[in-house]
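Taken together, the values in this text are just the output of simple stated rules run on the coordinates, not laboratory data. None of these values were measured; they are calculated from a predicted model. We place every Cβ from the backbone using ideal geometry, glycine too, and count neighbours over all the protein chains shown.
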Amino acid sequence: MALLRCDFFSDALRLSTSMQVVLPQPVYSQIGMGGSGGDEPPPVLYLLHGLSDDCTTWTRRTSIERYASELGLAVVMPQVARSFYLDGAHTGAYWEFLSAELPAVVQRFFRVSHAREDTFVAGLSMGGYGALLSGLRQPERFAAAASLSGALDAAELQREDVHGVFSHVTDAPLGGTSADLFALLDSVEPATAPQLYVRCGTEDGLVGSNRRFAAAARERGLDVTDGFDPGAHTWDYWDRTVQDVLAWLPLRTR
């Protein structure tokens, strides 16, 4: 695998930002680690970080590079600060960045597949919300979207705003809008929606909203895989469960 840090300018954000990128490399003599990949552009996973993290955190606190290597999977990890992946009045156009500018930049800089069946999104906590937001708002772009310990009920979190996040993003209520995942479920056609994955530890304070979201998605006929097992809001849990996400992804045989 190749691990790159890419620093570039974002027109959407009007500032310089960064992403970490893992690219597959077929190797035959590396000790202790395999690698796979062919001549075709590889599938790509957009892997989103949480509230207190940055674009380096997945590679620093998990073995995502090693896990992706065996699958021939490219992984793109963008930096979005504390934006909740939304366009904010005081934070910047982070949804525009994530949904439109970032994929265009990735296509320009790297040789990865742009086919829907090869494009996936996942994340943890705030990034879990961002992943499902991406999958539900852009079902034509993603074949699968996965959330680990996701902050999925934005309306509830906005009312509490324990971390003072939403006061910087917007003053308008999010409930019932296109930023509300529960409301978005009513706008997605089950036949064209991406496959969804919802996972959360039973000792995590967010487990209730994760259970509610999974049930609501299933009631509307969406393809949902969920799991609620012992674990808290910690990297021990995410390092373990991101491997399950990768095993779940509908990767095509190449």
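Here are the numbers for the structure shown:
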read-out	value
Unit charges at the beta carbon, dipole of the chain: most positive-side option, S134, V207, A104	A104
√(5λ) per eigenvalue of the Cα gyration tensor, the range 70-174, largest first, Å	26, 15, 11
Charge-dipole axis of the chain as Lys and Arg at +1 and Asp and Glu at -1 on Cβ define it, positive-most pick from T253, V165, L15	T253
Per-pair calculated FRET efficiency, R0 = 25 Å: E160 and T234 via Cβ, rounded to 0.05	0.75
Around A216: net Lys/Arg minus Asp/Glu count, Cβ-Cβ under 15 Å	-3
Among beta bridges that DSSP assigns inside the chain, antiparallel share in %, nearest 5	40
For L3, net neighbour charge (Lys/Arg +1, Asp/Glu -1) across residues whose Cβ lies under 12 Å away	+2
Computed FRET value (nearest 0.05) for T56 with H90, which takes r as the C-beta separation and R₀ as 22 Å	0.35
Gained length - H168 relative to F109, 0.36 nm times residue gap less alpha-carbon distance	18.1 nm
Check: the range 2-248 dipole with +1 on Lys, Arg Cβ and -1 on Asp, Glu Cβ, in debye	320
Cα-based helix-to-principal-axis angle, 235-248 vs the chain, degrees rounded to 10	70
Folded to 0 to 90 degrees: helix 126-137 orientation relative to the chain principal axis, Cα	90
Contour minus Cα-Cα distance for F9 and S187 (0.36 nm per residue)	60.7 nm
Average Cα contact separation per residue, the range 2-248, under 8 Å, 6 or more apart, as relative contact order %	16
Sum of side-chain charges, D236 neighbourhood, beta-carbon under 15 Å (Lys, Arg +1; Asp, Glu -1)	-1
Reported label for calculated mean projected area of the Cα convex hull in nm² given [x] 14.2; [y] 16.2; [z] 12.9	[z]
Mean residue ellipticity (222 nm) of the chain, computed from DSSP H runs ≥ 4 via -39,500 (n - 2.57), nearest 500	-8000 deg cm²/dmol
